[in-house]
Amino acid sequence: MAETYDFLFKFLVIGSAGTGKSCLLHQFIENKFKQDSNHTIGVEFGSRVVNVGGKTVKLQIWDTAGQERFRSVTRSYYRGAAGALLVYDITSRETYNSLAAWLTDARTLASPNIVVILCGNKKDLDPEREVTFLEASRFAQENELMFLETSALTGENVEEAFLKCARTILNKIDSGELDPERMGSGIQYGDASLRQLRQPRSAQAVAPQPCGC
Amino acid sequence: MQNYRHSSRSCRWHVNKTNLCTREARHSLESPQDSAITRDINRTFPAHDYFKDTGGDGQDSLYKICKAYSVYDEEIGYCQGQSFLAAVLLLHMPEEQAFSVLVKIMFDYGLRELFKQNFEDLHCKFYQLERLMQEYIPDLYNHFLDISLEAHMYASQWFLTLFTAKFPLYMVFHIIDLLLCEGISVIFNVALGLLKTSKDDLLLTDFEGALKFFRVQLPKRYRSEENAKKLMELACSMKISQKKLKKYEKEYHTMREQQAQQEDPIERFERENRRLQEANMRLEQENDDLAHELVTSKIALRKDLDNAEEKADALNKELLMTKQKLIDAEEEKRRLEDESAQLKEMCRRELDKAESEIRKNSSIIGDYKQICSQLSERLEKQQTANKVEIEKIRQKVDDCERCRGFFNKEGRIKGMSSAKEVLDEDTDEEKETLKNQLREMELELAQTKLQLVEAECKIQDLEHHLGLALNEVQAAKKTWFNRTLSSIKTATGVQGKETC
């Protein structure tokens with residue numbers, strides 16, 4: 001528990017049901033594919049400390065239920081998220097078509113500045129592909145998203161997706177585009193830097209203070 | 001240990017089943033959430049033997065129950081989480097009963113309240129749980145407050161699936177037992193029991209550690225049956241009064257109202273605006289869909305109407321034709337009836353004629369027979385008279401001395417010749433007349449016989465005629481009858497079609 005880190009980012013994993021959100025999270029945290037996975041009810045949580053550009057960053061990741069009706073439950077987790085993985089399934093056009101709605105949710109409920117990376121999951125099922133890489137990358141470009149195709153099964157690009165998102169947030173902090181001090185930015189200083197600047201926040205969505213012991 | 005069907009429990013559980021014989025019918029209906037259900041079915045207890053095979057019995061039954069429920073309860077529909085409860089029920093009883101118990105739990109036990117209105121009741125339950133924690137496990141409550149861990153982060157799954165998703169099945173069965181006996185509020189007993197038994201561990205964790213504990217260690221702990229038993233005993237021993245729960249519920253609602261009032265009005269209005277806009281968009285979409293549906297159905301109806309009218313026209317035409325045919329057939333029938341009447345009349349006439357002829361002939365025959373008999377009578381009389389006379393003559397001859405010689409014993413004829421001569425003169429004459437008479441009569445007889453034969457011939461001829469005439473009448477009758485019958489048949493047939 002006594003991890004130290006420079007920053008703490010709050011992340012979301014969102015997207016339609018059955019796109020592999022929980023498996024992506026599991027692959028990122030446990031480095032293996034989650035066999036016999038139940039579908040997510042409400043939210044699940046996972047965290048991992050990563051090293052990005054010489055800084056240690058703790059990622060607190062909320063994995064949300066994909067079913068539309070759970071949005072009213074999951075939206076309380078959106079507030080104050082710094083980054084999001086927006087996941088669709090390359091073998092299901094239906095999940096691709098609902099991306100715009102998920103994106104609107106993320107930008108209105110979390111923050112307009114939320115850093116979003118689009119993940120076309122199930123890359124390993126290429127023969128069953130329904131959404132081309134080109135098409136999705138165009139969508140990403142139009143909506144100013146980063147884009148990767150991932151496979152939670154093989155682990156391809158999974159770590160990269162989280163790291164890329166974290167790196168972009170760090171860059172934005174460096175360039176002053178993001179202000180960690182602002183309420184609901186989804187970013188906190190860890191105990192290794194500027195501890196004095198961190199204010200205890202009572203809002204439910206803001207992540208807890210790291211344990212200093 | 002999870003492979004067997006728990007039959008004894010099934011008896012107790014299915015006492016609760018509601019009578020829903022319409023389920024089969026509902027099953028056949030379309031569910032708009034079909035794809036969502038299909039997707040979740042192989043993600044429900046995927047490690048359990050009964051549910052692990054795609055397309056297996058377990059998954060098939062589970063799919064049917066979830067789909068049936070989504071159609072049965074349109075307001076809630078299919079909601080992720082239901083499939084775990086349905087699967088647990090399926091391990092105890094057949095599909096229909098499991099569905100009935102699911103409906104009972106959702107409606108009568110009030111589980112569906114949790115899913116309604118954006119899970120408002122679920123949030124109320126979280127608040128109640130936190131207040132109960134404050135009362136029963138205050139140190140843990142304060143620790144959670146410190147690390148900003150809120151009930152919705154760990155208890156969503158507990159409440160929405162009635163603890164069925166993560167815990168070992170035998171423990172889940174105990175929880176469902178308790179729930180069916182005591183009602184939905186046992187979820188607080190179980191939740192508090194879980195928190196209480198894990199208190200010492202949880203007090204040592206930070207935010208992430210606590211969430212990880214709930215995800216990993218907590219379900220693991222109850223793989224030991226002893227721990228599960230302890231937990232259930234603890235849960236049962238806790239007395240949570242309904243009054244208290246009601247009080248907390250009220251508190252929650254007043255708190256919500258205050259929150260709403262304290263909120264920045266602009267923000268509130270903006271949110272409201274957003275909500276209304278969303279609703280508006282949804283309704284517009286719905287309106288569009290309905291308009292489209294209206295137009296298509298109108299077009300379809302118009303087409304149907306046109307078709308029906310065309311058909312009616314054709315049928316009317318056919319009806320007219322059939323009527324005409326019927327009239328023709330009736331005319332024909334009348335004509336044939338006349339004809340047959342005429343023929344009958346003719347036959348009767350012929351018959352009468354033939355009969356009178358027969359009568360005449362038979363009277364002639366009768367007369368002839370009479371004459372014949374009279375003649376033979378006369379002949380006999382004559383003969384007897386002659387005999388008597390001959391006798392007399394012989395006596396006279398016997399009496400006469402002179403003449404006796406002619407009539408002796410040896411030459412009877414010898415003597416007679418003289419007498420005969422005398423006699424001959426008389427008898428010859430008489431004979432001659434008799435002979436003549438006989439000849440005449442024979443002639444007459446021959447003629448009469450000839451007449452008879454002729455008459456018979458005539459009768460035969462007439463009978464032949466009669467037969468022909470009768471045949472003709474019969475034939476005429478038959479063809480007329482057939483024609484009328486067939487024309488009537490076709491007429492009724494056409495009419496029948498027309499009424500269809």
Seminar exercise, completed: Apart from one, (1) at pLDDT 85 or above; (2) in contact with a Ser or Thr (Cβ under 6 Å, 6 or more places away or on another chain); (3) of a type in the set (Val, Ile, Thr) all hold for B:Thr18; the odd one out is (1)
For this session: Considering only residues that are among the basic types (Lys, Arg) and away from chain B (no Cβ under 14 Å), look in segment A:94-150 and name the one that is surrounded by the fewest Cβ atoms within 10 Å (Cβ to Cβ).
Result: A:Arg138
Problem set entry | Unmet requirement for A:Lys21, which otherwise passes all of (1) within 10 Å of chain B (Cβ to nearest Cβ); (2) within 15 Å of A:Ala84 (Cβ to Cβ); (3) not β-branched (Val, Ile, Thr) | (1)
Exercise. (1) surrounded by fewer than 20 Cβ atoms within 10 Å (Cβ to Cβ); (2) without any contact (Cβ under 8 Å) to a residue 40 or more places away in the chain; (3) closer than 19 Å to B:Thr164 by Cβ: which one isn't true of B:Asp49, the others all being true?
Worked result: (2)
For this session: Hey, could you check segment A:1-20 for residues that are touching a Cys at 6+ places or on another chain (Cβ under 9 Å) and closer than 19 Å to B:Leu211 by Cα and say which is modelled with the lowest pLDDT?
Result: A:Met1
For this session: Could you please give the count of residues in segment B:268-320 that are under 30 Å from B:Glu257 (Cβ atoms) and among the small types (Gly, Ala, Ser)?
Result: 1
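Pick from B:Arg349, B:Arg335, B:Arg359: which is loosely packed, with under 14 Cβ neighbours inside 10 Å, in contact with a Phe, Trp or Tyr (Cβ under 9 Å, 6 or more places away or on another chain) and closer than 30 Å to B:Val473 by Cα? Walk me through how you get there before you give the answer.
On the way: B:Arg349 fails: in contact with a Phe, Trp or Tyr (Cβ under 9 Å, 6 or more places away or on another chain); B:Arg359 fails: in contact with a Phe, Trp or Tyr (Cβ under 9 Å, 6 or more places away or on another chain).
Checking each option against the conditions leaves just B:Arg335.
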Exercise. Restricting attention to segment B:305-319, does a residue exist that is more than 14 Å from chain A (Cβ to nearest Cβ), touching a residue at least 12 places away in the same chain (Cβ under 8 Å) and of a type in the set (Asp, Glu)?
Worked result: yes
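Tally up the residues in segment A:120-142 that are in a loop (DSSP other than H, G, I, E, B) and in contact with a strand residue (DSSP E or B) (Cβ under 8 Å, 6 or more places away or on another chain), please.
Here is the first cut: in segment A:120-142, the ones in a loop (DSSP other than H, G, I, E, B) are A:122, A:129-132.
From what is left, the residues that are in contact with a strand residue (DSSP E or B) (Cβ under 8 Å, 6 or more places away or on another chain) are A:122, A:131.
Residues that pass the stated criteria total 2.
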Exercise. Can we say A:Glu160 is among the charged types (D, E, K, R), in a loop (DSSP other than H, G, I, E, B) and within 19 Å of the chain's Cα centre (by Cα)?
Worked result: no
For this session: Report the residue count in segment B:105-120 for those that are within 14 Å of chain A (Cβ to nearest Cβ), surrounded by fewer than 18 Cβ atoms within 10 Å (Cβ to Cβ) and closer than 20 Å to B:Lys244 by Cα.
Result: 1
Exercise. Filtering segment B:152-190 down to residues that are closer than 16 Å to B:Pro219 by Cβ and of a type in the set (Val, Ile, Thr), which residue is surrounded by the most Cβ atoms within 10 Å (Cβ to Cβ)?
Worked result: B:Thr164
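For (1) in contact with a Phe, Trp or Tyr (Cβ under 7 Å, 6 or more places away or on another chain); (2) farther than 19 Å from A:Val13 by Cβ; (3) aliphatic (A, V, I, L, M), each residue gets a yes or a no:
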position: A:Asp89; (1), (2), (3): no, no, no
position: A:Thr104; (1), (2), (3): no, no, no
position: A:Val116; (1), (2), (3): no, no, yes
position: A:Glu142; (1), (2), (3): no, yes, no
position: A:Leu145; (1), (2), (3): no, no, yes
position: A:Ala166; (1), (2), (3): yes, no, yes
position: A:Asn171; (1), (2), (3): no, yes, no
For this session: Return only the number of the condition from (1) closer than 25 Å to B:Gln33 by Cα; (2) in contact (Cβ under 8 Å) with a residue 60 or more places away in the chain that A:Gly66 does not satisfy.
Result: (2)
Exercise. What number of residues in segment B:162-178 are in a loop (DSSP other than H, G, I, E, B) and on the phi < 0 side of the Ramachandran plot?
Worked result: 5
Exercise. Quick one: in segment B:48-81, which of the residues that are more than 13 Å from chain A (Cβ to nearest Cβ) and of a type in the set (A, V, I, L, M) is nearest to B:Asp177 (Cα to Cα)?
Worked result: B:Ile65
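Is segment A:71-84 home to any residue that is facing chain B (nearest Cβ under 10 Å) and either buried (at least 22 other Cβ atoms within 10 Å of the Cβ) or at pLDDT 90 or above (or both)?
yes
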For this session: Answer yes if at least one residue in segment B:91-103 is closer than 21 Å to A:Thr40 by Cβ, among the aliphatic types (A, V, I, L, M) and in contact (Cβ under 8 Å) with a residue 40 or more places away in the chain, and no otherwise.
Result: no
Problem set entry | Filtered residues of segment B:82-124 (kept if over 42 Å from the mean Cα position of the chain (by Cα) and either within 17 Å of B:Leu179 (Cα to Cα) or part of a helix (DSSP H, G or I) (or both)) | B:Glu113, B:Leu114, B:Phe115, B:Gln117, B:Asn118, B:Phe119, B:Glu120, B:Asp121, B:Leu122, B:His123, B:Cys124
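Regarding segment A:27-38, can at least one residue be identified that is touching an Asp or Glu at 6+ places or on another chain (Cβ under 7 Å), within 14 Å of chain B (Cβ to nearest Cβ) and at negative phi? Walk me through how you get there before you give the answer.
Taking segment A:27-38 and keeping what is touching an Asp or Glu at 6+ places or on another chain (Cβ under 7 Å), we get A:28.
If we keep only those that are within 14 Å of chain B (Cβ to nearest Cβ) too, we end up with none.
No; the residues of segment A:27-38 include none that is touching an Asp or Glu at 6+ places or on another chain (Cβ under 7 Å), within 14 Å of chain B (Cβ to nearest Cβ) and at negative phi.
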Problem set entry | B:Leu102 within 14 Å of chain A (Cβ to nearest Cβ), surrounded by 19 or more Cβ atoms within 10 Å (Cβ to Cβ) and in contact with a helix residue (DSSP H, G or I) (Cβ under 9 Å, 6 or more places away or on another chain) | no
Exercise. So which residues in segment A:23-60 are polar (S, T, N, Q), surrounded by fewer than 16 Cβ atoms within 10 Å (Cβ to Cβ) and touching a residue at least 12 places away in the same chain (Cβ under 8 Å), if there are any at all?
Worked result: A:Asn31
Problem set entry | Near pairs, Cβ below 8 angstrom, 6+ apart or cross-chain, from segment B:152-174 (more than 9 Å from chain A (Cβ to nearest Cβ)) to any residue that is among the polar types (S, T, N, Q) | B:Leu169/B:Gln2; B:Tyr170/B:Gln2; B:Val172/B:Thr164
For this session: Starting from residues that are more than 60 Å from the chain's Cα centre (by Cα) and assigned to a loop (DSSP other than H, G, I, E, B), keep the ones in segment B:179-230 and report whichever is nearest to the other protein chains (Cβ to nearest Cβ).
Result: B:Asp206
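One line per residue, one yes/no per condition, for (1) assigned to a helix (DSSP H, G or I); (2) of a type in the set (Val, Ile, Thr); (3) modelled with pLDDT under 80; (4) closer than 24 Å to B:Gln382 by Cβ:
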{"position": "B:Lys414", "(1), (2), (3), (4)": "yes, no, yes, no"}
{"position": "B:Lys431", "(1), (2), (3), (4)": "yes, no, no, yes"}
{"position": "B:Asp461", "(1), (2), (3), (4)": "yes, no, no, no"}
{"position": "B:Ala469", "(1), (2), (3), (4)": "yes, no, no, no"}
Exercise. Taking segment B:125-151 as the search range and keeping residues that are within 11 Å of chain A (Cβ to nearest Cβ) and not in a helix (DSSP H, G or I), which one is surrounded by the fewest Cβ atoms within 10 Å (Cβ to Cβ)?
Worked result: B:Glu150
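Test B:Tyr222 against the criterion of being modelled with pLDDT under 90, buried (at least 17 other Cβ atoms within 10 Å of the Cβ) and over 21 Å from B:Ser148 (Cα atoms), and give yes or no.
Judged against the criteria, B:Tyr222 is a match.
The values are calculated or read from the model by the stated rules, or taken from the named source; none is laboratory data. Worth saying up front: this structure is predicted, and the values here are computed from it rather than measured. Cβ atoms come from the backbone with ideal geometry, glycine included; neighbour counts cover every protein chain shown.
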